[in-house]
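What follows is a set of notes on a single structure, which appears directly below.
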Amino acid sequence: FVMFRRLATAALLSIALALPALAGEAKHRLAIHVDQNDAQVMNLALNNATNVIEYYRARNEDEDVDIVTYGPGLHMLRADTSPVKDRLKRVKELAFPGNVQFSACNNTKQGMEVPILSEAMLVPSGVVRLMELQEKGWSYLRP
């Protein structure tokens, strides 16, 4: 009976570990960190995101990209002053729905009291967002 129980436990564990792949969950996940009000850094982050999306799309593999902004980097997602506003829309259109996200730190937004672009999603804290993504196994990049 003990042997059967071990085999059953091993089988259930194998199934549980395979479920995310079977459910179509993204195999490749990248968090890109932007905390500078620098158009060059913002464009590099968007280049990195575009390259990752195109690379895995060509290999017929799934990817998720989250560009997380906070502090001075929130300027990237400001509706009034973003130097990369048009590029954000193009990257969003390039990716499948849901495969790219632009996370805007609400702590920073409240301090600046500025509108953010409709393409952005407010998160309570940019730093916490980066930590939680990494804890879930996302790769981290700071351009």
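Tabulated results
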read-out: Total formal charge among the other residues, if their Cβ is under 12 angstrom from that of ALA95, Lys/Arg +1 and Asp/Glu -1; value: -3
read-out: Rel. contact order, % - alpha carbon contacts under 8 angstrom, at least six apart, region 57-121; value: 42
read-out: Loop sites in region 36-143: GluC sites (Glu not before Pro), DSSP, at most 16 other Cβ within 10 Å; value: GLU61, GLU113
read-out: Overall form of region 92-136 per C-alpha gyration tensor (a/c, 1.5; a/b vs b/c); value: oblate
read-out: Members of LYS27/LYS89; LYS27/LYS85; LYS27/LYS136 lying beyond 21 Å, as alpha-carbon distances in this model show; value: LYS27/LYS89; LYS27/LYS85
read-out: Percent accessible area from carbon and sulfur atoms, region 81-131, protein chains only, probe 1.4 Å; value: 55
read-out: Average accessible surface area per residue within region 27-143, 1.4 Å rolling probe, Å²; value: 51
read-out: Amide H contacts of MET121 (H built 1.01 Å from N, under 5 Å, at least 5 apart or other chain); value: PHE102, SER103, ALA104
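The values are calculated or read from the model by the stated rules, or taken from the named source; none is laboratory data. All figures in this text were calculated on a predicted structure; none of them were measured in a lab. Please note: Cβ atoms are built from the backbone with ideal geometry, for glycine as well, and neighbour counts cover all protein chains shown. All accessible areas refer to the heavy atoms of the entire protein, side chains included, with ligands and DNA or RNA removed. Shrake-Rupley method; radii C 1.70, N 1.55, O 1.52, S 1.80 Å.
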